[in-house]
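Take a look at the structure set out below.
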Amino acid sequence: MLNVPPPAFPAPRSQQRAAAGGRAKIPLKPGRSLMDWIRLTKSGKDLAGLKGRLIEVTEDELAKHNKKEDCWICIRGLVYNVTPYMEYHPGGEDELMKAAGMDGTDLFDQVHRWVNYESMLKECLVGRMALKPVTVPKEISSISEEKKQLNGMLPEKKLLGISTKDLTPSYDWFQTDGLITIVIYTKQKDMNAELVTVDCDDKRLRGEIIVNDYSYVLEVDLDHAVEEDIFINIAGKVGKVEIILKKKDNIHWKMLGQPLESHNTFIKRKNRGLFFRKCKLVSKTEVTHDTKLFCFMLPKSTHLQVPTGQHVYLKQTIAGIEVVKPYTPLLPFLPLDFKEPSCHDSANIYLMIKIYSCGLFTQALDHLQIGDCISISSPEGNFKMSKVQALEDLFLLAAGTGFTPMVKLLNFALTEVSSLRTAKLIFFNKTEDDILWRNQLEQLALKDERFEVQFILSEPTKDWVGKQGRISSSLLSAVMKRSRKDSKVLICICGPTPFTEQGVQCLKDFGYSQEEIHAFTA
Ligand code: FAD
Ligand code: NAD
């Protein structure tokens, strides 16, 4: 489905034709890069094919446009003529055709829901799906006033029906002369700071609480102005979250504020749109010849902590189109002392990013100046920290920047998991010069006897005396040994998609269970 194509696609024999998210990119014809697409959208051509009109599309009408040369797709109630886009789609025409003449929302969300299709396809917009009456299921009719559905989808809140009603958080607020306190009762016992994200931009307050696979959002246009700094108190055991705001003026508030669109909603996390805030670039340091460590400062009025194993999305407008790509926050360095839990730097987000010479997004990132701002989303990801509990052997298989999710994970395991006996990083790179944080890793291995690192190069010079090659059963069987028979093991793998796929296959062939393997993908 829709994706952001690279401007100059990988060389024909390049192994880098891997798409984020596990779908292979296909080679595009010359002149079909994202930049070419942007040019075409700005050419004034009638890409929607309706001479500038927008129409209401019925399901029957949509279904008629199901051929490559006449292909309409509906995403979240909006219908696009994607025929002109076919040749520009990095996932290929066949992938796009899977949703021809249909509602492609689910397929789109499965593959790359972060892609800003509204911006990419705005010139292809045909119109909206026509509203049609629906029969409201009995069990939810009592809570639903809405008698219409858009494009076959009931509004989320109502889909939840009665089963999740009991889980829905609630909120209350009170004030003193100087403070506004909003209390959210999450009904979740192990509430912690990583499950709470709060942004207060001017008078617009948005708080999001993650409850298992669900997201609760409180979103209001505050009655009066507040100071920039916000405070969060969490009573984890009782699941109570307090957001404390300082009033700018010492006046009595009649109400908390006007509810905004998502206010007081509780929906599946995957169905919640990405929320971005502007973060300032405060430093950019070289890690290797092509990789840099970026430090972005969160606004003072944001509370956000990225959980171990999760990533964020960065958004930039490139040639007038919003482009979004995922990156995995890590620590500014590898802590060497694991006796104390490392103190959390909650004001900054650190990202280690490889700058590709023809990379659309990374080139633009590299051109950011200190003090420039970029939009960063709230965290996402499906890594379950419960996998690390009572862990004895941790194997980390990383290739290139696939190292990034391993940093926090390694730090957490060495610091917090008392049962841990061994942590082994098997780090695949092309050349010695590509190895990220080699010095730090070697120092850590000297300092902590539980940790071991092995570098494996795919394109070594003749001086390299270490292991060489690409991921394979023989390489892995030689380096992956449990500390004892039946030890509790976790193997995490991250890198280019073919690397991850081959690695997972080898591990399955070795007999490791699904539970024991975690592959980082989009
Ligand atoms: P594009 O314009 O898309 O491609 C230009 C050229 O770059 C291509 O021709 C190709 O040679 C090369 N290239 C592009 N994408 C890839 C790729 N995925 N693999 C190999 N070569 C590629 N990257 C980081 O540097 N640090 C991270 O922490 C990080 N975290 C990620 C987390 C997730 C969940 C995922 C899915 C990806 C992550 N990535 C990370 C990759 C990142 O999202 C981009 O794909 C990458 O920065 C390239 O973007 P670009 O627009 O510059 O390149
Ligand atoms: P790279 O091209 O420098 O390659 C590093 C190593 O990966 C190579 O030395 C080789 O051993 C292995 N490799 C590369 N292509 C392979 C193939 N086709 N088959 C088997 N092994 C192969 O890597 P890079 O440019 O640093 O790319 C890192 C990748 O990791 C990117 O694709 C990025 O999207 C991905 N990544 C994903 C996440 C995530 O959470 N999902 C996080 C960070 C990075």
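The values are calculated or read from the model by the stated rules, or taken from the named source; none is laboratory data. Computed from a predicted structure; not experimentally measured. No Cβ is skipped: glycine too gets one built from the backbone with ideal geometry, and neighbour counts run over all protein chains shown. All accessible areas refer to the heavy atoms of the entire protein, side chains included, with ligands and DNA or RNA removed. Shrake-Rupley method; radii C 1.70, N 1.55, O 1.52, S 1.80 Å.
Which entries of Lys203/Lys248; Lys68/Lys325; Lys187/Lys300; Lys430/Lys462; Lys408/Lys485; Lys280/Lys408 show an alpha-carbon separation above 19 angstrom in the structure shown? Walk me through the numbers on the way to the answer.
Working: Lys203/Lys248 11 Å; Lys68/Lys325 28 Å; Lys187/Lys300 28 Å; Lys430/Lys462 13 Å; Lys408/Lys485 27 Å; Lys280/Lys408 22 Å.
Those over the limit are Lys68/Lys325; Lys187/Lys300; Lys408/Lys485; Lys280/Lys408.
Give me, ordered by chain and number, the residues 5 or more places off Ile55 or on other chains with an amide H under 5 Å from its own placed amide H.
Gly127, Arg128
Given a Förster distance of 25 angstrom, what is the FRET efficiency for Glu516 paired with Lys189, based on the Cβ-Cβ distance and rounded to 0.05? Show your work: numbers first, answer last.
Numbers: r = 27 Å, r/R0 = 1.08.
Taking R0 as 25 Å, the efficiency between Glu516 and Lys189 is 0.40.
Need one number for the range 406-489: average projected area of the convex hull over its C-alpha atoms, nm². Don't skip to the answer; put the middle values down first.
On the way: hull surface 24.8 nm².
Seen from a random direction, the Cα hull of the range 406-489 projects 6.2 nm² on average.
Lys and Arg at +1, Asp and Glu at -1: add these up for the other residues within a Cβ distance under 13 Å of Thr431 and post the number.
Numbers: positive: Lys430, Arg438, Lys462; negative: Asp290, Glu432, Asp433, Asp434, Glu459, Asp463.
Here the count lands on -3.
Check which residues have an amide H placed less than 5 Å from Gln188's amide H, if you skip close sequence neighbours.
Amide H neighbours of Gln188, under 5 Å, 5+ apart: none.
Accessible area of the chain with a 1.4 Å probe: how many percent of it is carbon plus sulfur?
The nonpolar share, carbon plus sulfur, comes to 50 percent.
Given R₀ = 45 Å, FRET efficiency for Glu286-Asn250 by Cβ-Cβ distance, to 0.05?
Efficiency, from the Cβ-Cβ distance: 0.35.
Let me check I've understood the local charge: for Val79, count other residues with C-beta under 11 angstrom from its C-beta, Lys and Arg +1, Asp and Glu -1. What total comes out? Numbers along the way, then the final one.
On the way: positive: Arg76, Arg128; negative: Glu56, Glu59, Glu61, Asp103.
Counting the neighbours of Val79, the net charge comes to -2.
³J(HN,Hα) across the range 171-182 via Karplus (A = 6.51, B = -1.76, C = 1.60, θ = phi - 60°), whole Hz, x for Gly/Pro?
Coupling constants for the range 171-182: 9, 8, 8, 8, 9, 10, 4, x, 10, 10, 10, 10 Hz.
Write out the trypsin sites (Lys or Arg not before Pro) in the range 344-425 meeting two conditions: DSSP loop, and at most 12 other Cβ atoms within 10 Å of their Cβ.
Numbers: sites: Lys354, Lys384, Lys387, Lys408, Arg421, Lys424; in loops: Lys384, Arg421.
Taking the range 344-425 and a limit of 12 other Cβ atoms within 10 Å, the loop trypsin sites (Lys or Arg not before Pro) found are Lys384.
Just the number: Rg to Rh for the chain, Cα atoms, Kirkwood Rh, two decimals. Please report the intermediate quantities before stating the final value.
Working: Rg = 24.8 Å, Rh = 25.4 Å.
Ratio of gyration radius to Kirkwood radius: 0.98.
Give the peptides 66-76, 302-312, 437-447 in descending order of average Cβ contacts within 10 Å, highest first. Numbers along the way, then the final one.
Details: 66-76: 18.4, 302-312: 20.8, 437-447: 15.6.
Result, highest mean Cβ count within 10 Å first: 302-312, 66-76, 437-447.
Considering only the chain, what is the antiparallel percent among its DSSP beta bridges, to the nearest 5?
Roughly 75 percent of the DSSP beta bridges within the chain come out antiparallel.
Whose amide H sits under 5 Å from the amide H of Thr291, counting only residues 5 or more places off or on another chain, with H placed in the peptide plane?
Those lying under 5 Å, H to H, from Thr291 are Ile355.
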